[in-house]
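First the structure, in the form of structure tokens, and then the observations on it.
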Amino acid sequence: MTAVHVPGIPVIEAGQLVSTSPASGVEAGRLPVATDVDVRQAVDRARVAGEWWAGLGFTGRRDRLLRWRALLAKRIEQLAEVVHAEGGKPVPDAIVEIVTAIEHIDWAARNAGRVLGPRRVRSRLILAEFSGHLEYQPHGVVGVIGPWNYPVFTPIGSAAYALAAGNAVVLKPSEYTPVVGQWLVDSFAEVVPEQQVFTAVHGLGDVGAALCRSGVDKLAFTGSTATARKVMAACAETLTPVLIEGGGKDAMIVDSDADLDAAAEACVWGGMTNAGQTCIGIERVYAVDSVFDTFVDKVVTRAGRLTVGPEGADIGPITMPKQIDVIRQHIDAAIASGGRAALGGPTAVQPPYVHPTVLVDVPEDSAAVQEETFGPTLTINRVRDADEAVTRANALPYGLGGSVFGRRRAVAIARRLRSGMASVNSTLTFAGMSTLPFGGVGDSGFGRIHGEDGLREFGRAKAITRRRARSLLPSMTFERTPTDMARLVKAIKVMYGR
Ligand code: NDP
């Protein structure tokens, strides 16, 4: 029997996961659905491949990862078309996403040896007769579970760093974007044909759950907070360490001395790029009273100019059809509870599209302020001053990113945001800076991808001490004498007893 295809909703047909465009319903591709046994076998094969990969050392891996990065750069338009065809993302947005991923591969490849490689660590007087040695060894096989909204950037944010650290990777892409996931592993196999170091398993959420239980040595999850809880529970069964990149509800603060044109431009981009389907997207804005009205006008003018449609538009379709109901409910509830649509509103929801919507004066307990909307919508609320803005911004359990526009106090305000990241006088920029760690606090997760912390996330610290001289005050031996111990006590009092 042939399954009915609703545009954008993945179906399983004769053991194949069929992926379609949310805009046109055109099939983007089909991939075999993995059984539990398939997932385990993929992890077993990856374990063998990982040993070979780890054996290449940092230099061997760097060369191969840089070749992969070069291949992605050469095929950037092709990959952008695949992202567009499968998820509906406008091609320019897809290109920006891929550029960022390429930068991360480059940085991870070039810096893994420096950050993770063996090094001497200074010893202290207390154990001066020993030298200290530290290195970060690969875990083995890292499972990567990714979402659909950034199907290149999010898996690569984990996979490139895990690979550079010497791990093999088994990726479970979102059921909404398996074709992009397979494209990534196929391109990697072109430059690393010897062993299956980076592979993918496909299917629905149960395949992700199987990956958690498959014996992977670490699991890097990017997705919603609700699924993160399930992933952690599954990984707890085997004490498999997890990295959680969860959801967000990022706030932007507009202070009284902000450049309002720049703030409005960045706000519209940060809130509406990729149709607002961005974990670090700006969803709520707090503008201080003195600039509120002018700022809202500028946002409405810019957002009102955005085009919506399947091809060549600024805003494409909502990738996951069921999200449209969530967006509609958030808009309706915001207005029912006293909010006002300065742009768009209930009529903006025209499946599979949602037109730009700016909601103002929305009660703070409204779903549009409290929960991920994941559409091209913004709430903008008036605050007395930056302090009130910080209090409101920090009031949610999420804490992923954030943005501050202003001059004198902006950096200080950014530091006070309860979030893993913040950008001052821009939005989302921290995601593309490969030297900075990326990750959240609270319901947005824990652990870090990107940067030096992101590399260390995929290595196990291995500490080694090596004797280099006889112990003057032997204590960690049964050969010690009462005199040795008395001298030790005396030395400690001199060293630390002040
Ligand atoms: P989901 O949590 O629904 O899915 C994420 C991944 O988990 C998918 O591959 C999904 O597979 C898989 N999955 C589903 N159920 C299970 C399970 N029981 N065990 C293991 N894996 C499972 O998120 P979305 O794909 O809808 O992505 C959007 C969410 O991701 C938003 O909340 C967004 O904020 C967040 N996100 C966070 C980022 C960050 O860096 N912090 C970056 C990007 C997005 P399937 O698709 O087949 O169900």
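Within the set P173, P178, the sole residue that is in contact with a Ser or Thr (Cβ under 7 Å, 6 or more places away or on another chain) and within 15 Å of the ligand (Cβ to nearest atom) turns out to be P178. Scanning the range 368-383 for residues that are outside any loop (DSSP other than H, G, I, E, B) and within 14 Å of G247 (Cβ to Cβ) yields one hit, Q370. Would you say I331 is of a type outside the set (S, T, Y), within 16 Å of the ligand (Cβ to nearest atom), more than 23 Å from L260 (Cα to Cα) and touching a residue at least 40 places away in the same chain (Cβ under 8 Å)? Judged against the criteria, I331 is not a match. Among R416, R407, R467, R480, which is the only one that is basic (K, R) and under 30 Å from S224 (Cβ atoms)? That would be R416, the only listed residue that is basic (K, R) and under 30 Å from S224 (Cβ atoms). For the range 176-227, a tally of residues being under 26 Å from K322 (Cα atoms) and either in contact with a Phe, Trp or Tyr (Cβ under 6 Å, 6 or more places away or on another chain) or among the charged types (D, E, K, R) (or both) returns 3.
Applying a threshold of 8 Å to beta carbon distances and a minimum spacing of six or more residues, or different chains, the list of pairs starting in the range 288-313 at a residue that is under 24 Å from A275 (Cα atoms) and ending at one that is loosely packed, with under 14 Cβ neighbours inside 10 Å reads K298/D261; A313/T307. Note on the range 404-423: residues that are buried (at least 20 other Cβ atoms within 10 Å of the Cβ) and closer than 23 Å to G157 by Cα amount to 5. Taking the conditions exactly as written (surrounded by fewer than 23 Cβ atoms within 10 Å (Cβ to Cβ) and touching a residue at least 12 places away in the same chain (Cβ under 8 Å)), does L204 satisfy them or not? Answer is yes for this residue. Of the residues D443, D453, D484, the single one that is in contact with a helix residue (DSSP H, G or I) (Cβ under 8 Å, 6 or more places away or on another chain) and of a type in the set (D, E) is D443. The range 1-44 holds strands (runs of 3 or more DSSP E) entirely within its bounds, and those carrying 2 or more residues that are touching a residue at least 40 places away in the same chain (Cβ under 8 Å) and of a type in the set (G, A, S) map to 27-32. Considering the conditions (1) surrounded by fewer than 20 Cβ atoms within 10 Å (Cβ to Cβ); (2) on the phi > 0 side of the Ramachandran plot, D257 is excluded by exactly one of them, (2). Elements of the type helices (runs of 4 or more DSSP H) sitting completely within the range 205-308 and holding at least 1 residues that are among the polar types (S, T, N, Q) and within 16 Å of the ligand (Cβ to nearest atom): these cover 225-236.
With the structure loaded, tell me whether I324 is β-branched (V, I, T), within 16 Å of the ligand (Cβ to nearest atom) and within 24 Å of E364 (Cα to Cα) or whether it fails that test. Judged against the criteria, I324 is a match. Looking only at residues of the range 430-463 that are within 16 Å of the ligand (Cβ to nearest atom) and surrounded by fewer than 18 Cβ atoms within 10 Å (Cβ to Cβ), we find that the one that is farthest from R110 (Cα to Cα) is V441.
Residues are listed down the side, and each one gets a yes or a no for (1) among the small types (G, A, S); (2) farther than 27 Å from S21 by Cα:
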{"position": "A341", "(1), (2)": "yes, yes"}
{"position": "T347", "(1), (2)": "no, no"}
{"position": "Q350", "(1), (2)": "no, no"}
{"position": "P356", "(1), (2)": "no, no"}
{"position": "D365", "(1), (2)": "no, yes"}
{"position": "T379", "(1), (2)": "no, yes"}
{"position": "R384", "(1), (2)": "no, yes"}
{"position": "D387", "(1), (2)": "no, yes"}
{"position": "V390", "(1), (2)": "no, yes"}
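Before we move on, is I156 in contact with a Lys or Arg (Cβ under 7 Å, 6 or more places away or on another chain) and either among the β-branched types (V, I, T) or within 15 Å of the ligand (Cβ to nearest atom) (or both)? No.
The numbers here are math on the coordinates, done by the rules we state, and not lab data. Keep in mind the model is a prediction, meaning the values are calculated, not measured. Cβ coordinates were reconstructed from backbone atoms using ideal geometry, including for glycine residues, and neighbour counts include every protein chain displayed.
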